Amino acid sequence: MLVSYKTPTAVYIHIPFCTNKCHYCDFNSYVLKGQPVMAYLDALEREMEQTVKRLPPEKVETIFVGGGTPTVLLPDQMERFLSMVRTYFPADANEVEFSMEANPGTTDEDKLAVMKAGGVNRISFGVQSFNNDLLAAIGRIHNTDDVYRSIQNAKKLGFDNLSIDLMFGLPRQTVDIMQATLDEALALDLQHYSIYSLKVEENTLFHTLYNKNQLPLPSEDEEVEMYELIMNRLEAAGYKQYEISNFARPGRESRHNTQYWRNRTYYGLGAGAHGYIGGQRHINIKGVQPYIDATVQGLPVLEQFAVEPQEAMEDFMMVGLRMMDGVQGNDFRAQFGSEMEDHFGPTLQGWVEKKLLERVPGGYRLSKQGVLLGNEVFASFLS
């Protein structure tokens with residue numbers, strides 16, 4: 001079977017430091033105090049150098065810096081970091097989408113100016129809610145004043161591609177609280193909104209509380225009501241829902257995340273980062289010091305494994321159907337040299353009959369009802 005892999009045009013870089021650990025977070029992140037930040041940046045540079053020596057990028061189209069909280073870097077550290085990125089992953093400033101995650105509590109004008117000068121042209125603020133009681137209850141260090149100040153500073157410095165993350169299904173969150181949060185979020189008139197439902201992950205404070213029956217979550221019906229409210233409000237405000245959790249002004253969709261949803265390859269650098277290159281997925285060593293030490297010996301890979309064609313096809317279906325445009329037969333043929341229906345015909349037909357998928361020219365997408373039951377549909381493509 002033909003599986004076509006291109007040199008990645010997308011780069012993900014992980015900064016694992018945070019001011020504190022939020023109660024729901026299971027990302028690879030560590031409280032900043034006492035961490036060897038400069039040694040980490042040195043290690044990151046070693047990994048970048050080794051990575052591009054092995055597989056130089058032909059063209060960099062998207063860069064995404066995630067965490068942790070990348071904006072905990074001090075202005076001089078940020079400057080050094082962005083200089084490294086430009087050195088090893090040079091990109092056309094007019095064409096690249098260069099995104100950085102930011103915490104509203106850690107972005108002052110000086111830092112934003114360094115980010116702008118260093119090539120960042122898209123910022124994703126982790127806001128989560130516009131209810132201060134709720135923010136405190138989920139372990140966020142910022143309040144709504146910080147959000148307004150950060151957005152105002154970013155706009156003042158000329159950033160014109162801004163996104164915020166919000167959450168629903170949080171403990172003690174009601175439909176009315178969600179409504180009020182959407183009022184404030186939409187009043188900001190941003191280019192992009194990502195709105196995720198809470199998942200209670202292992203190794204988090206929320207998981208501990210959940211197991212003790214001490215996490216007062218909304219009912220499933222309330223959660224569905226919140227999600228339908230979100231979709232209706234965003235659509236009415238002129239935003240296109242282009243993925244299950246993502247809404248954008250026309251042309252402002254996240255190009256980087258779309259690479260993941262289209263199951264395309266990408267570089268992954270930093271502690272605990274995932275990458276997908278040439279049919280191989282890899283996960284880097286997670287701990288900060290172990291990662292630093294490993295880069296002295298070579299690439300800091302914890303595990304690497306080949307993605308078999310069947311698994312790659314399943315991934316293509318599962319992540320591709322998260323997109324509102326759905327999956328296209330042309331894309332499938334280009335990657336795998338065969339037809340979607342040859343591998344998933346009965347599954348696709350079954351969901352079409354149940355009206356959770358609908359046929360579109362050249363492919364399939366979730367129906368309106370299918371969007372609410374997406375996880376059932378996605379799971380059905382796993383062999």
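The values are calculated or read from the model by the stated rules, or taken from the named source; none is laboratory data. Quantities reported herein were computed from a predicted structural model and do not represent experimental measurements. Here the Cβ is made from the backbone with ideal geometry for all residues, glycine too, and neighbour counts use every protein chain on show. Surface accessibility is based on the protein's heavy atoms, side chains included, excluding ligands, DNA and RNA. Shrake-Rupley method; radii C 1.70, N 1.55, O 1.52, S 1.80 Å.
To the nearest µm²/s, what D does Stokes-Einstein give for region 215-274 at 37 °C and 0.692 mPa s, using the Kirkwood radius over alpha carbon pairs as Rh?
The estimated diffusion coefficient comes to 232 µm²/s.
Scale the Cα Rg of region 47-197 by the rule-of-thumb value 2.2 N^0.38 Å and send over the ratio, two decimals. If you can, show how the numbers build up before the last one.
Numbers: Rg = 16.7 Å, N = 151, 2.2 N^0.38 = 14.8 Å.
Dividing the Cα radius of gyration by 2.2 N^0.38 Å gives 1.13.
Per q in 0.11 Å⁻¹, report the Debye log10 I(q)/I(0) for region 1-77, using one uniform scatterer on each alpha carbon and no solvent.
Debye curve over Cα of region 1-77, log10 I(q)/I(0) at q = 0.11 Å⁻¹: -0.39.
Using a Gaussian network for the chain with springs between C-alpha atoms less than 10 Å apart, which of these wobbles most: TYR210, TYR24, TYR88?
The residue with the greatest mean-square fluctuation here is TYR210.
Can you send over the carbon and sulfur percentage of the accessible area for the chain, probe radius 1.4 Å, protein chains only?
Roughly 49 percent, rounded to a whole number.
At 25 °C and 0.890 mPa s, grab the translational diffusion coefficient of region 129-215 from Stokes-Einstein with a Kirkwood Rh over Cα pairs, rounded to a whole number in µm² per second.
In µm²/s, the coefficient is 171.
Taking only the C-alpha atoms, wrap a convex hull around the chain and report its volume per residue in Å³ as a whole number.
That works out to 145 Å³ per residue.
Using +1 at the C-beta of Lys and Arg and -1 at the C-beta of Asp and Glu, which of TYR364, THR181, ALA294 has the Cα lying farthest in the positive direction of the dipole of the chain?
With unit charges placed on the Cβ atoms, the residue in question is ALA294.
Got a sec? Which residues in region 282-301 would a label at LYS53 touch, if it sits 7 Å along Cα→Cβ and we count backbone N under 12 Å?
296-299
Quick test of your reading: applying the under-4.7 Å Cβ rule, which cysteines of the chain are isolated?
Cysteines of the chain left without a disulfide-compatible partner: CYS18.
Could you compute the FRET efficiency for THR174 and LYS212, with r as their C-beta to C-beta distance and R0 at 30 Å, rounded to 0.05?
The value I calculate is 0.85.
On a 27 Å Cα-Cα criterion, which of the cross-link pairs LYS240/LYS355; LYS199/LYS286; LYS116/LYS286 come out too long?
Too far apart for the 27 Å limit: LYS116/LYS286.
How do the peptides 123-134, 289-300 rank, highest first, by the average count of neighbouring beta carbon atoms within 10 Å per residue?
Per-residue mean Cβ counts within 10 Å order the peptides as 123-134, 289-300.
At 7 Å along Cα-to-Cβ for each site, give me the label-to-label distance between GLU225 and GLU201 in nm.
Rounded to a tenth, the inter-label distance reads 2.9 nm.
222 nm [θ] for the chain, helices only, -39500 (n - 2.57) per DSSP H run of 4+, per residue, to 500?
-12500 deg cm²/dmol
Do any of LYS111/LYS156; LYS111/LYS155; LYS6/LYS59; LYS59/LYS111 go past 21 Å between their Cα atoms, and which? List each step's numbers first, then the result.
Values: LYS111/LYS156 13 Å; LYS111/LYS155 14 Å; LYS6/LYS59 11 Å; LYS59/LYS111 28 Å.
Distance filter (> 21 Å) returns LYS59/LYS111.
Which of the GluC sites (Glu not before Pro) found in region 1-110 are in a DSSP loop and have at most 11 neighbouring Cβ atoms, other than their own, within 10 Å?
GLU58, GLU95
Apply the Karplus curve 6.51 cos²θ - 1.76 cosθ + 1.60, θ = phi - 60°, to the phi angles in region 257-266 and return the couplings in whole Hz, x for Gly and Pro.
Working through the residues one at a time gives 5, 4, 4, 5, 5, 8, 6, 9, 7, 7 Hz.
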